[in-house]
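Accompanying notes for the structure given below.
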């Protein structure tokens, strides 16, 4: 039986910090970026105040910021930008058009093609833009056929995660595991080195997602498919007998209540006054506001004014009208500039031309109407029911801030699409044939897209995610601290101690299972980076080859099927399809368990464990 001594104080402190960080990563109220920043600060300050020597030198605070220049982060960022080039130029338009035609002819075969195409694309392109590409197509099919999209959205989303497991560049998690293992002296994985195990497991997963999963998913409706009152713009004209004439705008607001928002005050022909609280109201003033018909009439009654639409008083012969207005659902994308912004500060009306009607978030809350939401912070995956003009909604589709779910399929198309597609193929080929490392070929591809004007700098920067960058950097910092203080070796020893006497195949399966559980609770990148040095330590203590244990971490960290918070595309799907938390458990748990069993079996057989 192995002896298990206590770790040194620095290793123990690092393990406690990692445990706290993993707990904070699960808290929806704390942005992942904030937790990542706190980790970096804690490590740099802690090792400055309490130095620790390793390999004859003290760990420096700057050691924990090396992740900002790590080749894995460079590759992830460059690949996100190259993937954005494919979307922006419409290089994937033929795929969308093909799927749209197929769905009209044969839904069953179309679902299979959708799953396969999504998986293949996700092996080379970041999952999120692929899901963003597919969502409007599947929503449009559901709207045209009158069927629910719930039977196709979840299989498509899970196929994107499945495809991402197949290559070293499929997900940022893969890149991190491969690079961290290489930093520790293990041989580098080539791009398709673990395609075989994923293809074998993927065969069974595709059959499950195509034939079984859709029948297990209850029919769900989009979260805001019910009726909602449209908003109307109108003016309330004050006459000399109005109750608020001679009083300030603040007094008028108090009389009506918090529900009324004055957008402008018109005093005379073409003269507008800023609606400041101390503005004194006069006879003939027109107060412009927007609300439902019932509320506008009530506002007019309370203020003692007359309701106008344009130059015409509102009556039975001249009712309020929303001609030229359309209601649509828009989803906040992971790349949106509005992430973390309060609704009251988002300037939806002034900057985007959107009137917010209702709001929905996946965390079990019911649909909420727009009044009273000013303090709510917008998050990726939130669904907003908005009212705007068709022209404005079409323009909105060209931005990276929103995904418009109006059922139409309008994919961008430019003459630059062939350049973007060839650039992506070149990036993959250069890395696949070992001509240059993926971080170099991806940077080269990024440069080609900028020089050829397939992307401008604004589009390129919008493809980057502060959340992803900070999580990767903090995860690398935690992994380095765990490794250099001896914490990784201690945890590897602890794992071997717990599984003492068990066959290597059981130890391997247990490691993958542990990572699979962890990735559905916390950040998969953090789980992967922390798990990789532990896996290498376990293999070394067992005298086994390193590769299967590192792959166990990589595969386990990609089993992000069981909870909606396990992967950012899961949240997009949950809101867009109206899924419940239990739907992910019902469909994702059998898929994750099946993949775990098949992948464990294949690794044990391939490496003769």
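The values are calculated or read from the model by the stated rules, or taken from the named source; none is laboratory data. It should be emphasised that the depicted structure is a prediction, and the values quoted were computed from it without experimental measurement. Here the Cβ positions follow ideal geometry from the backbone for every residue, glycine too, while neighbour counts run over all protein chains shown.
Report those helices (runs of 4 or more DSSP H) wholly inside segment 428-509 carrying at least 2 residues which are over 27 Å from the mean Cα position of the chain (by Cα), crowded, with 20+ Cβ neighbours inside 10 Å and not assigned by TED's automatic domain parsing to the domain that holds residue 188. Break it down into steps so the answer makes sense when it comes.
Details: elements: 438-451, 457-462, 466-484, 487-498.
Ranges flagged: 466-484, 487-498.
Which residue out of 166, 205 is closer than 27 Å to residue 108 by Cβ, in contact (Cβ under 8 Å) with a residue 12 or more places away in the chain and not in a helix (DSSP H, G or I)? Quick ask: steps written out before the conclusion?
Numbers: 205 fails: not in a helix (DSSP H, G or I).
Result of the check over 166, 205: 166.
Kindly evaluate residue 602 against the criterion of being surrounded by fewer than 24 Cβ atoms within 10 Å (Cβ to Cβ), modelled with pLDDT of 90 or more, in a helix (DSSP H, G or I) and touching a helix residue (DSSP H, G or I) at 6+ places or on another chain (Cβ under 8 Å). Step through it out loud before you land on a result.
On the way: surrounded by fewer than 24 Cβ atoms within 10 Å (Cβ to Cβ): yes; modelled with pLDDT of 90 or more: yes; in a helix (DSSP H, G or I): yes; touching a helix residue (DSSP H, G or I) at 6+ places or on another chain (Cβ under 8 Å): yes.
When the stated conditions are applied, residue 602 passes them.
Cβ-Cβ under 9 Å, sequence separation 6+ or interchain: first residue in segment 92-111 and more than 11 Å from residue 138 (Cβ to Cβ), partner modelled with pLDDT under 75 and part of a helix (DSSP H, G or I). Which pairs?
Partner pairs satisfying both residue conditions: 104/141; 104/144; 104/145.
If you go through segment 353-380, how many residues are farther than 15 Å from residue 328 by Cα, modelled with pLDDT of 75 or more and assigned to a loop (DSSP other than H, G, I, E, B)? Talk me through it step by step, then tell me what you get.
To start, the set of residues in segment 353-380 that are farther than 15 Å from residue 328 by Cα comprises 361-366, 368, 371-380.
With the extra rule that they be modelled with pLDDT of 75 or more, the set shrinks to 376-380.
Right, trim to assigned to a loop (DSSP other than H, G, I, E, B) and you get 376, 378-380.
Residues in segment 353-380 being farther than 15 Å from residue 328 by Cα, modelled with pLDDT of 75 or more and assigned to a loop (DSSP other than H, G, I, E, B): 4 in total.
Could you tell me whether any residue of segment 264-274 is part of a loop (DSSP other than H, G, I, E, B), touching a strand residue (DSSP E or B) at 6+ places or on another chain (Cβ under 9 Å) and either at pLDDT 70 or above or closer than 30 Å to residue 382 by Cα (or both)?
yes
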